[in-house]
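What follows is calculated from the coordinates using simple rules that are stated; it is not laboratory data. Small disclaimer: the values here were computed from a predicted structure and weren't measured. All Cβ positions, even for glycine, are placed from backbone atoms using ideal geometry, and neighbour counts span all protein chains on display.
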Amino acid sequence: MTQTAPRSGMAMAAVLATLLTACGSSGDAGPQPIEILSLSNRADMISDGNAYLEILLPKGIPAGALKVELNGADVTAQFAQRANGRILGRIDGLRVGANTLAATAAGSARARLDITNHGRGDSIFAGPQTQPWICATRNGAQATVSVPGTALSATVTTRVSGLDTDPVDALCNTRTQYTYYYMPKSRQGSACTPGTTGTAPCHLAFDPSQRPADSEIADFTNDRGDTVKHLLRVETGVMGRGTYQILAYYDPAQPWAPWAPQKGWNGKLLWKFGASASGNRFQEPAVNALDQATGSVLFDANALAAGHMVVKAMLTNHLHNNNELLAAESMMRIKEHLIENYGEVRYTMGDGSSGGSMMQTVISSAMPGLLQGLQTGYSYPDAASTWIETRDCGLLTNYYGTAAGKALPDAARAAINGHPAAYCSAWTATFITPQNPRLPINCGPGFPAAITYDPQTRPQGVRCSIHDMLVAVYGTARDADGNIKPVMPYDNVGVQYGLKALQSGAIGAEDFVLLNEGIGSYTTDLDWTGGTAAPVASRQQAPADLLPRIYSSGLHSNAKNLSQVAIIDLRPELGADIHMSWRSLQQRARLDAGNGGHDNHVIRATQGPLTRAMADQSFAMMDRWLSAIESDTSAIPLAQKVVRNKPADLKDVCLADGGRTLALDDPACSFKPTLSPRQVAGGPRAEDVYQCQRKPLSFASQDYPGVTFSAAQQARLAAVFPTGVCDWSKPGTGQTQEAAFLTDFSTGPAGRRVGPKPVSRND
């Protein structure tokens, strides 16, 4: 969802509007038809019964001549020529489904805009909602959770929502809550902590009916020079079954309309994304304990200092939602709500690390225009391709526990992995377990074991793996044991594990053969098939018809679409950790392949964890970058504007001790990219192939320079690779660089491409 920028605002938004939201102008000289523009969202993806619209009249037609009807009812009074000269209005009471807005004026053709409205809690394009789903309550009440289509049910304690009312329906809808805060003058300029927590919080709550006197309230001046009282409002609500919070400078004693926002807000938006991953089935508060620990909080110091509005949302937090398409849907509908109630957004900056980086890149890939600037820390391009390394590391860790694996020295294991074995151990310890559908904790702490999937005793129970959260996109199939399970895109047929280690001499021919005989794969239930050479351990094969869906859905980050956003990649070097620095180069390799360059992607590397200073620098740099793009009113493509307006001082850099800045390739720089097991097998740095095309196994090929296999070893490898080995010179099955817009999964996992946005038509 791209919003139309204020007339003095962001040129970027006008370009993005060709994809999502109309952005018109009334500057043509001759008579022209009336035009209706949907400002808050695409007209076919409106939700919650409201829409913010602009009407463009032909030159010479006065605003007083306008008549507007919604489904035949007169709603003219909801529109007016506002102080900014534009005819704007917010309509309410849209019915779920099809609506028609009509605008007429004497001497002009009638204009009609078809509007499709969705319920506040309903799915829009992300597909059927995950079931069961446990709504949060005021006090953490006991609730009964049932498995649809079965007799399975159990009692569970809900999460505490942070709201003062309980949900009124199964979609977790409840009354929106508003809380008000102010900064006392006595705390301005002190060492207080932004927000309401800590030993010396900067902000105190107040009742709007007892607003503090102006003399008690600190003044605030935003980055465009507007001075107001330091008063804040936090809106807490529920949309699409997920909680959200909006923080804004807001004086309850002053009016606020979307066409006339209060001056404290600078028109910019900061969206805070959350880290980690899970198969969570609980509605959670918008800010969790991990957010607090990592600084992904609502009261962001940089945003508060500049005048940005800030959003936190449960479903854009990777800890609570592993489906990034659902995250895009959630962000779209919350931004729509924000624009309809607060006003048009100049541009939106993202901020998030690890899982929060995945949210930013996938949302920007699946639905361009929701974000203009990405600040990614400990980054990954997406979750889908990250699971390739995770699962490979799990397989290798298991293999190293066998007799053949134990015989391999540490150097050999490092050569096979592409990095020291401790790195893979970190992956295995952290993110293999969440892929197990039989563990109740994967559905969230406190989820009842009595209704959790067990292949023997409860085959219809709730599957609690991360991958089960994506069945709306990937679909399901009946497995060999007769149970319905999610289809997954992971495939290692033809993968020659340890190939580069063999080529370098780090392992011998027999080590290579044993490894590929015994590596095996994971079943859909996360059972390891490896450890045996006779018969050869089975490999995992993804259904070929699933693979194109990865790329078209946007779940695999789309480099074409990512060329339209500014990206600052904050890359610490942490050593034996899952956040390996090669991931920044993975993103860059995709940008290079898709766009012929990566000038919109800046890497800022450092030794050790991200610091507050790095985050502060990134915020200021990104704001300057987006402001420059906003000021560029030329007609060149957005991707070119992003590159042309990058600040001259924003370059790849390695931040070293003592304030030194080094080049990324300086030997003294901490930025030390490794490989992944799939890259050691010959795969590309982009790690964008889920299922490789294969070539015949040939011992005379360049795969094995200087390597001699005995006849017996050749026969054993032929048994491992009966359909050939990966041909990495070819794209993967279903792989495309197409800049797909959005796939709608509301009718099932096959999905359908969303067509052009609705535009007004004239009688």
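Using only the Cα atoms, what convex hull volume per residue in Å³ does the chain have? Walk me through the numbers on the way to the answer.
Values: hull volume 132.6 nm³, N = 763.
Here the figure is 174 Å³ per residue.
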Worksheet item: Going down the list Lys500/Lys560; Lys272/Lys641; Lys263/Lys335; Lys312/Lys485, which pairs span over 29 Å between their C-alpha atoms?
Response: Lys500/Lys560; Lys312/Lys485
Worksheet entry | Span from the the stretch 569-587 Cα centroid across to the the stretch 387-463 one, whole angstrom | 21 Å
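Please give the length that would be gained between Trp256 and Ala411 if that part of the chain were fully extended, namely 0.36 nm times their separation in residues minus their C-alpha to C-alpha distance (nm, one decimal). Mind showing how you got there, number by number?
On the way: separation 155, 0.36 × 155 = 55.80 nm, distance 6.47 nm.
Stretched out fully, the Trp256 to Ala411 stretch lengthens by 49.3 nm.
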Discussion item. Roughly how far apart, in whole Å, are the Cα centres of the stretch 30-71 and the stretch 477-543?
Written reply: 58 Å
Item to complete: Multiply the residue separation of Arg612 and Lys263 by 0.36 nm, subtract the distance between their alpha-carbon atoms, and state the gained length in nm to one decimal.
Response: 122.8 nm
Worksheet item: the stretch 164-237 to the stretch 650-690: how many Å between their Cα centroids?
Response: 42 Å
Worksheet item: Relative to the present Cα-Cα distance, how much length would full extension add between Ala143 and Thr100 at 0.36 nm per residue of separation?
Response: 11.4 nm
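Run the dipole for the chain about the Cα centre, Lys and Arg Cβ at +1, Asp and Glu Cβ at -1, nothing else charged, and hand back the magnitude in debye, nearest 20.
On the way: 64 positive and 66 negative charges, 114 e Å.
Around 540 debye, computed over the chain.
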Fill in: Peptide ranges 636-645, 344-353, 657-666, 532-541 listed from the most packed, as the mean C-beta count within 10 angstrom indicates
344-353, 636-645, 532-541, 657-666
Discussion item. Calculate the FRET efficiency for Thr430 and Lys672 from the Cβ-Cβ distance with a Förster distance of 22 Å, rounded to the nearest 0.05.
Written reply: 0.60
Worksheet entry | Listed residue (Tyr522, Tyr400, Ser557) projecting farthest to the positive dipole end of the chain, Cβ model | Ser557
Fill in: Dipole of the chain [Lys/Arg +1, Asp/Glu -1 at C-beta], most positive-end residue of Ala421, Gln129, Trp256
Trp256
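Report, in deg cm²/dmol and to the nearest 500, the calculated mean residue ellipticity at 222 nm for the chain, where each DSSP H run with n ≥ 4 adds -39500 (n - 2.57) and the sum is divided by the residue count.
Values: 19 runs with 174 residues, N = 763.
Mean residue ellipticity at 222 nm (helix-derived): -6500 deg cm²/dmol.
Could you tell me which helices of the chain pass both thresholds, a Cα extent of 20 Å or more along their own axis and a mean Kyte-Doolittle hydropathy of at least 1.6, with helices taken as whole DSSP H runs? Write out the running numbers ahead of the final one.
On the way: long enough: 324-341 (25 Å, -0.12); 383-399 (24 Å, -0.14); 612-631 (29 Å, -0.12).
Span-like helices here: none at all.
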Worksheet item: Between Leu546, Gln81, Leu290, whose Cα lies farthest towards the positive end of the dipole of the chain when Lys and Arg beta carbons carry +1 and Asp and Glu beta carbons carry -1, centred on the Cα centre?
Response: Gln81
Worksheet item: Assuming R0 = 22 Å, what is the FRET efficiency of Ala191 and Asp577, from their Cβ-Cβ distance, to the nearest 0.05?
Response: 0.10
Worksheet item: So if R0 is 56 Å, what FRET efficiency would Ala534 and Ala305 give, r being the distance between their Cβ atoms, rounded to the nearest 0.05?
Response: 0.25
